[in-house]
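The values are calculated or read from the model by the stated rules, or taken from the named source; none is laboratory data. The model shown is predicted, which means the values in this text are computed figures rather than measured ones. Note that we place each Cβ from the backbone using ideal geometry, even for glycine, and neighbour counts take in every protein chain shown. SASA here: full protein model, heavy atoms, side chains in, ligands and nucleic acids out. Shrake-Rupley method; radii C 1.70, N 1.55, O 1.52, S 1.80 Å.
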Amino acid sequence: MTIRQERLDHLLSRLGYCSRSEVRDWLRAGRISVPGVTERLRSGSKVNADQVRVDGEAIDPARPLYLLYHKALGTVCAHDDPHSIYDDLPMRWRYRRPVVSSAGRLDRDTSGLLLLSDDGQWLHRWSHARNLVPRHYRVLLAEPLRNDAEQILASGNLLLEGENTPCKPAQVQRLGEREIRLTLREGRYHEVRRMMAALGNHVQALHREGFGPFTLGDLQPGAWRFLQENEMQQETAE
Ligand code: URA
């Protein structure tokens, strides 16, 4: 396997550590090291990312990041918002290029599972309508679900207000009088809330428990973890 070398200043600015010009100052201050390299390090030195240390610590993966994240209530999936989900990630990742984004979005009043990455193709694979990735939601309703809801949701004929294409068939499991688990295979704007409104109901609380083969496990709201190699490579269909 060939290990790609990269200019030190390019690498550290691309990963969001500092600007290219600051690398020189950091080198002078002794903050950057590459164990085993004997010649003097310069901003333009070619290095292997996995050998570089900043303040004695190994740097972030230079390859794309693949994360499982638990979105908390009250946060939004935008970069430029005072309640951005991206504030839960290390500060320097805001300057990482390419940018980290999510596979689809959850609205402000929805909590739960999101996949995050800076690999656009991978995100697209998980969010693309063609791949019919199942999204599992836990929903608390204002009223008991009407008796024929299963049939209507599974029919593939439910039209949302202002739309011409009906929703794809969805499955419901009743968990309590006003609590259901709903599985959708598409991701339209405020889809669960609008589906429940079309059934004459109202969503009081919404949480995404699962997305494709992924579940949150014991990840707490606002927390994230790196996906393992075998998790990242999972197929979109369940
Ligand atoms: N449906 C909604 O209404 N909101 C979400 O955040 C996700 C699905």
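Residue-wise test of (1) of a type outside the set (D, E, K, R); (2) assigned to a helix (DSSP H, G or I); (3) loosely packed, with under 12 Cβ neighbours inside 10 Å.
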{"residue": "Asp9", "(1), (2), (3)": "no, yes, no"}
{"residue": "Arg24", "(1), (2), (3)": "no, yes, no"}
{"residue": "Pro35", "(1), (2), (3)": "yes, no, yes"}
{"residue": "Thr38", "(1), (2), (3)": "yes, no, yes"}
{"residue": "Leu41", "(1), (2), (3)": "yes, no, no"}
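When the residues of segment 98-119 are filtered to those that are among the hydroxyl-bearing types (Ser, Thr, Tyr) and within 15 Å of the ligand (Cβ to nearest atom), the one that is farthest from Gln220 (Cα to Cα) is Ser102. Do we find that Val54 is buried (at least 16 other Cβ atoms within 10 Å of the Cβ) and assigned by TED's automatic domain parsing to the domain that holds Asp107 in this structure? Against the criterion (buried (at least 16 other Cβ atoms within 10 Å of the Cβ) and assigned by TED's automatic domain parsing to the domain that holds Asp107), Val54 does not qualify.
Here His83, His70, His124 are screened, and the one residue that is touching a Gly at 6+ places or on another chain (Cβ under 7 Å) and exposed (fewer than 13 other Cβ atoms within 10 Å of the Cβ) is His83. Can you find, within segment 127-141, the residue that is farthest from the ligand (Cβ to nearest atom) among those that are open to solvent by 20 Å² or more (accessible area, probe 1.4 Å) and outside any strand (DSSP E or B)? Checked segment 127-141; the qualifying residue farthest from the ligand (Cβ to nearest atom) is Arg130.
Applying the set (1) within 30 Å of Asp107 (Cβ to Cβ); (2) in contact with a Cys (Cβ under 7 Å, 6 or more places away or on another chain); (3) not aromatic (Phe, Trp, Tyr) to His79 leaves exactly one unmet item: (2).
Per-residue answers, yes or no, for (1) under 23 Å from the mean Cα position of the chain (by Cα); (2) not basic (Lys, Arg):
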{"site": "Glu179", "(1), (2)": "no, yes"}
{"site": "Thr183", "(1), (2)": "yes, yes"}
{"site": "Gly187", "(1), (2)": "yes, yes"}
{"site": "Val192", "(1), (2)": "yes, yes"}
{"site": "Met196", "(1), (2)": "no, yes"}
{"site": "Arg208", "(1), (2)": "yes, no"}
{"site": "Phe214", "(1), (2)": "yes, yes"}
{"site": "Leu219", "(1), (2)": "yes, yes"}
{"site": "Phe226", "(1), (2)": "yes, yes"}
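Counting only strands (runs of 3 or more DSSP E) wholly contained in segment 158-238, the ones carrying 1 or more residues that are without any contact (Cβ under 8 Å) to a residue 12 or more places away in the chain and open to solvent by 40 Å² or more (accessible area, probe 1.4 Å) occupy 171-174.
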